[in-house]
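The values are calculated or read from the model by the stated rules, or taken from the named source; none is laboratory data. All figures in this text were calculated on a predicted structure; none of them were measured in a lab. So basically every Cβ, Gly included, is an ideal-geometry build from the backbone, and we count neighbours across all protein chains shown.
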Amino acid sequence: MKNYLIVVFWLCCECVWSQSVTISPTQTTLLDAQGTSQTARVPVMTSAQRVAIPNPALGSMVYDAEYHTLFLFDGRNWTPLMFSGDPNQVPLIDRQSSDISTKAKAFGLSVAISGDYAIIGAPVDDVGDNERQGSAYIFFRNGGAWTQQAKLVATDETTGDWYGVSVAIDGNYAVVGAPESTVGTTQYKGAAYVYVRSGTNWIRQTKLHDLESVGSTGYGLSVSITGDFILVGAPYSKVKEVTQGAAFVYVRNGGSWTPHAKLTAEDGGNGDNFGISVCISGSYAIVGASNAQIGTNVKQGGAYVFARSGSNWYLHKKLTMQDGRANDFLGSSVSLSGDYAMVAAVGRDENSTDDSGIVYIFRRSGNTWSSGFKLNDPAREKGRRFGICTSIAGDYAMVGSYLNNSFTEWFLYKRNGTAWELVRQEKVQFKTNLGVAGEFLSITPSGTYLVGKADGERVSFGKIDNQ
């Protein structure tokens, strides 16, 4: 019986037998490939050439010379078909929003992933006539494929609200921060929107905001969710007339979310940015205060860990660096999972390299926290800001960096005993016109991860060890 290979080519392709045959872009050709002396050759191109193909046809196939991998176009996305070598180097799966626009929307500036669901912020997306109102997208994994399930927008938002600059998701609930949102008649007060999933629909459940403060507080610049608890940072909130920042905990009771606690720093000072980054996991919460003064070191920064006992939250530990210096900005990004906390100091001049950044992983044992494991940055350089975003889950951790509007780079680590080993890193040219990189990466305890691309148009899904 003959063996047949059906290949659909979008571009002209040569079929190499004893003679070359040229196939037009509209042809589907049946190749009778008998024996071992006959091959079929698909177009070979760079990644940039592949993604630049206008309107590729369903079933188009190319060989990406940079990834050393065959890619198949499934009608919306290029999907890698094979790889070789280290399983952690398998090409990631890129996804775009269904309403791709020629205008920048910063799609992927913020991301979060939980199980089979992911949320992706696009904080400068135009919504109707409102420029830079912002939006967020829900993606769902069915089998091994990630597809868009919903687009979230706030019907009461206006121009420049930055809806989607922070996002969080856990189970059937998602949170979207809008730090420039108008609340009542107060402009730029900030808000956080909570959505609940019903089947394939995501329904707005409530709009959270600071009930006490007046004016702009940055409420919603950072958000996090775990189970029935939501944590929202407001780094410019006033505490006893001092603009030191605060973080707000909410608890779900049936279909409503009610205030549970206001977290502040008893030793806080003016301009501490307490709440610039937040994370909540189980009965613990961590809040970054990147501008806090430690001793005589201005803006050395710190991170505060709070623990919940029943309905009360109390300060469990203030995390600082023993060798901290002025302008380290420790707490600029934080992440928490189980007994581990990640805290970044993006302004750290490590080994006399300005703003190279540093990331520590602290480990909890009972009521104490270790002094921290310093993650290895394999390519330290000036202005790198290693730690601009962080994510930790189980035995996996991710760190992002951002170099002078030039590119973003991310690093993936896996815990091995007491050490954390680098298993993957990727660099992407920066193309958005934003001055920040955002929280553009997230990882789950199972090793599935999500990365926002620096071009502001795509995100990438991956799986550690390709399991």
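Residue-wise test of (1) within 21 Å of Ile225 (Cα to Cα); (2) of a type in the set (A, V, I, L, M, F, W, C); (3) at pLDDT 90 or above.
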{"position": "Ile358", "(1), (2), (3)": "no, yes, yes"}
{"position": "Trp369", "(1), (2), (3)": "no, yes, yes"}
{"position": "Asn405", "(1), (2), (3)": "no, no, no"}
{"position": "Tyr413", "(1), (2), (3)": "no, no, yes"}
{"position": "Val423", "(1), (2), (3)": "no, yes, yes"}
{"position": "Thr432", "(1), (2), (3)": "no, no, no"}
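Taking the numbered list (1) out of contact with any Pro (no Cβ under 7 Å at 6 or more places or on another chain); (2) under 30 Å from Ala393 (Cβ atoms) in turn, Thr186 passes all entries but (2). So is Phe73 surrounded by 12 or more Cβ atoms within 10 Å (Cβ to Cβ), modelled with pLDDT of 85 or more and closer than 18 Å to Ala145 by Cα or not? Yes, satisfied. The residue list Ser213, Ser224 contains one member that is surrounded by 16 or more Cβ atoms within 10 Å (Cβ to Cβ) and in a strand (DSSP E or B), which is Ser224. If you go through the stretch 39-51 and keep only what is modelled with pLDDT of 85 or more and either in a strand (DSSP E or B) or surrounded by fewer than 17 Cβ atoms within 10 Å (Cβ to Cβ) (or both), you end up with Val44, Met45, Gln49.
All conditions in (1) under 18 Å from Ser337 (Cα atoms); (2) surrounded by 18 or more Cβ atoms within 10 Å (Cβ to Cβ) hold for Phe274, with the sole exception of (1).
Contact map, the stretch 189-217: first residue over 22 Å from Ala118 (Cβ atoms) and free of Cβ contacts under 8 Å to residues at least 24 places away in the same chain, second residue surrounded by fewer than 16 Cβ atoms within 10 Å (Cβ to Cβ) and of a type outside the set (A, V, I, L, M), Cβ cut-off under 9 Å, separation 6 or more or different chains; the map is empty.
Of all residues in the stretch 107-162, exactly one satisfies the criterion of being part of a strand (DSSP E or B), of a type in the set (S, T, N, Q) and farther than 28 Å from Ile443 by Cβ, namely Asn130.
Inspection of the stretch 409-416 identifies no residue that is closer than 17 Å to Gly288 by Cα, part of a strand (DSSP E or B), assigned by TED's automatic domain parsing to the domain that holds Val167 and within 21 Å of the chain's Cα centre (by Cα). Please determine whether any residue of the stretch 227-235 is under 17 Å from Tyr173 (Cα atoms), over 26 Å from the mean Cα position of the chain (by Cα) and in the same structural domain as Gly301 (by TED's automatic domain parsing). No: zero hits. Give the stretch 26-38 a look and list any residue that's surrounded by 11 or more Cβ atoms within 10 Å (Cβ to Cβ) and either of a type in the set (Phe, Trp, Tyr) or modelled with pLDDT of 60 or more (or both), or say none. Once the filter is applied, which keeps residues that are surrounded by 11 or more Cβ atoms within 10 Å (Cβ to Cβ) and either of a type in the set (Phe, Trp, Tyr) or modelled with pLDDT of 60 or more (or both), the stretch 26-38 yields only Gln38. Residues that are over 22 Å from Leu221 (Cα atoms) number at least 1 in the following strands (runs of 3 or more DSSP E) confined to the stretch 308-378: 312-319, 340-345, 358-365. With respect to being in the same structural domain as Tyr340 (by TED's automatic domain parsing), small (Gly, Ala, Ser) and either at pLDDT below 95 or in a strand (DSSP E or B) (or both), Ala265 falls outside the description. Residues in the stretch 316-367 that are free of Cβ contacts under 8 Å to residues at least 12 places away in the same chain and either buried (at least 18 other Cβ atoms within 10 Å of the Cβ) or of a type outside the set (Gly, Ala, Ser) (or both): Asp323 alone.
Among the residues of the stretch 241-262, those that are assigned to a loop (DSSP other than H, G, I, E, B) and either out of contact with any Gly (no Cβ under 9 Å at 6 or more places or on another chain) or hydroxyl-bearing (Ser, Thr, Tyr) (or both) comprise Glu241, Gly254, Gly255. Inspection of the stretch 298-305 identifies no residue that is assigned to a strand (DSSP E or B), farther than 20 Å from Ile392 by Cα, of a type in the set (Phe, Trp, Tyr) and touching a strand residue (DSSP E or B) at 6+ places or on another chain (Cβ under 8 Å).
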